[in-house]
Amino acid sequence: MDKRIKTEIVINTSREKLWVLLTNFNDYSRWNPFIRSIEGQLKQGARLTNRLQNGEKTMVFKPVVQELVPFHSFSWLGSLWVKGLFDGRHYFCIEEIAPNQVKLIHGEDFSGILSTAILKKIGESTRNNFVAMNQALKQLAESGVGSDH
């Protein structure tokens, strides 16, 4: 079983604008159907508090920012209960296609002794949540909201 979920979407906006929207955690509750909130600073080594909506269920994870390349990518590593059981490296990468067109690559790599069993249960709904977030971000970016960046 593949222990990776990877989604991609083309968004008609600049790399800079998409970066601003994606990293403005304070606005997530307004537009994001999956990651309802993120508290903390986006800086390498910082711990975040992420509230995720999966159907009727709300889950809280406290991942640590692993990578941060402004206007290009960031990732965090989270664990369920304790490290090594079910870990996920969640990432976002922005690739410029043209001056006002980018590809957002949004995914997660899973590991740990329970990863296969848990992914069998939640893999499809997790992928659907990533896609829903991508589509909401596309709609926001292409709507002209925040276009001053």
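Nothing in this text is a laboratory measurement; each read-out follows from the coordinates by a stated rule. It should be emphasised that the depicted structure is a prediction, and the values quoted were computed from it without experimental measurement. Counting neighbours? That spans all protein chains shown, and the Cβs are built from the backbone with ideal geometry, glycine included.
Using the Cβ atoms and a cut-off under 14 Å, what net charge is assigned to the surroundings of Gln53, where Lys and Arg are +1 and Asp and Glu are -1?
Working: positive: Arg30, Arg36, Arg51, Lys57; negative: Glu56.
That sum, taken over residues with Cβ under 14 Å, equals +3.
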Handout entry: Percent of Cα pairs exceeding the 13 Å cut-off, where the set is segment 80-133
Key = 67
Handout entry: Compactness of the chain - radius of gyration and Dmax, Cα, Å
Key = 14.9, 46
Exercise for the section: Anything over 23 Å Cα to Cα? Flag those among Lys83/Lys103; Lys3/Lys43; Lys3/Lys62, in the order listed. Expected result: Lys83/Lys103; Lys3/Lys43
Exercise for the section: Calculate for the chain the 222 nm mean residue ellipticity that helices alone would give, adding -39,500 (n - 2.57) per DSSP H run of length 4 or more and normalising by residue count, nearest 500 deg cm²/dmol. Expected result: -9000 deg cm²/dmol
Practice task
Enumerate the aspartates and glutamates that Lys57 could reach by cross-link, defined here as Cα to Cα under 20 Å, with residues fewer than 8 away along the same chain left out.
Solution key: Glu39, Asp87, Glu108, Glu124
Practice task
Would you calculate the separation in nanometres between label points at Val131 and Lys57, each defined as 7 Å from the Cα along the Cα-to-beta-carbon direction?
Solution key: 2.0
